[in-house]
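First up is the structure itself, then whatever we jot down about it.
The values are calculated or read from the model by the stated rules, or taken from the named source; none is laboratory data. These numbers were taken from a predicted model, which means no experiment stands behind them. Methodologically, a virtual Cβ is constructed for each residue, glycine included, from the backbone with ideal geometry; neighbour enumeration extends over all protein chains shown.
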Amino acid sequence: MSSTGFADKRGTRRVPRIVWALPPVVVLALAFLYPLALVVQQSFSPDEGGTSLTPYGEVFASQSFRDALSTTVWLAVGSTAGCLVLGFALALVIAFVPFPGGKAVARFIDVFLSFPSFLITLALLFMYGTVGMANGLWTDVTGADSGPFHFLTTPWGVLLAEITFFTPFVMRPLLAAFSGLDTAQLEVASSLGARPARIVRRVILPEALPALAAGGSLVLVMSLNEFGIVLFTGAKDVTTLPMLVYGKAILESDYPAACVVAVVNIAISVGLYSLYRMVSRRVGA
């Protein structure tokens with residue numbers, strides 16, 4: 001075949017490569033780029049008609065948007081920090097502390113990654129909800145009218161649910177990094193009298209930093225856009241950017257404002273995803 005892709009050695013005319021590339025490009029444009037363009041266009045289209053920056057000015061000036069933005073950021077940062085600490089500790093145990101079923105636990109992490117976020121939230125509700133097992137046990141033992149566990153409907157409950165769900169996304173790259181770690185370094189450090197904490201700090205942690213950065217970046221992106229956990233916890237005082245989009249579009253029918261919030265959320269997500277890809281490339285290198 002010639003370098004242009006039009007004919008092979010026998011002179012048979014072949015389909016140009018651009019023709020093969022055209023269908024997926026069209027599907028991508030119709031399924032993703034066109035709806036995205038509509039959202040961006042609607043964000044510049046106030047209800048009065050025409051094209052204006054008025055929706056952006058109104059949204060940016062509203063207290064609800066500023067509160068949702070700050071809540072989204074602190075939940076995402078808090079979830080990421082919690083996942084990094086918990087994921088590193090659990091990965092250390094699975095990788096370096098022999099115990100029965102360790103390999104099964106490591107394989108289960110891969111399965112856990114496929115679970116929907118609302119499933120984990122429902123499990124927490126069954127355990128710590130108002131009528132959950134923990135409160136039920138408390139009332140049975142003490143005879144009280146209600147149990148003490150009501151934190152799931154608070155920001156801390158949302159944070160707990162996000163850390164529970166996203167921690168395996170940090171553990172997966174960590175376990176991969178630990179599997180390639182030269183155990184001879186650990187044995188030498190141990191033979192020289194180094195305590196486990198020092199071995200972790202001086203030997204294991206430097207090797208784990210790229211995996212921690214990759215996993216943390218991924219968790220930051222996903223927690224920034226998390227909707228199901230906030231919705232299923234029933235935390236009425238917790239409004240994130242995705243929840244604000246839902247409220248503006250579905251509850252208030254204010255589509256220009258909803259599109260403005262969506263554009264802001266997309267811009268932040270794309271920026272963080274670019275950071276995640278950059279970190280992932282460095283880890284791969």
Checking VAL27 against (1) at pLDDT 90 or above; (2) under 30 Å from LEU218 (Cα atoms); (3) loosely packed, with under 11 Cβ neighbours inside 10 Å, only one condition comes out false. Which one? (1)
Suppose we keep only residues that are crowded, with 18+ Cβ neighbours inside 10 Å and in contact with a helix residue (DSSP H, G or I) (Cβ under 6 Å, 6 or more places away or on another chain) within segment 113-128. Which one would you say is nearest to GLY228 (Cα to Cα)? SER117
Take the conditions assigned to a loop (DSSP other than H, G, I, E, B) and either among the small types (Gly, Ala, Ser) or at pLDDT below 80 (or both) and apply them to SER64. Does it pass? no
Condition check for GLU162: in a loop (DSSP other than H, G, I, E, B) and of a type in the set (D, E, K, R): no
I'd like to check which helices (runs of 4 or more DSSP H) are fully inside segment 197-285 and have at least 1 residues that are under 19 Å from ALA61 (Cβ atoms). 241-246, 255-284
Is it fair to say GLY147 is in contact with a Ser or Thr (Cβ under 6 Å, 6 or more places away or on another chain) and without any contact (Cβ under 8 Å) to a residue 40 or more places away in the chain? yes
Within segment 175-192, does at least one residue satisfy the condition of being under 30 Å from ARG277 (Cβ atoms), touching a residue at least 40 places away in the same chain (Cβ under 8 Å), of a type in the set (D, E, K, R) and out of contact with any strand residue (DSSP E or B) (no Cβ under 6 Å at 6 or more places or on another chain)? no
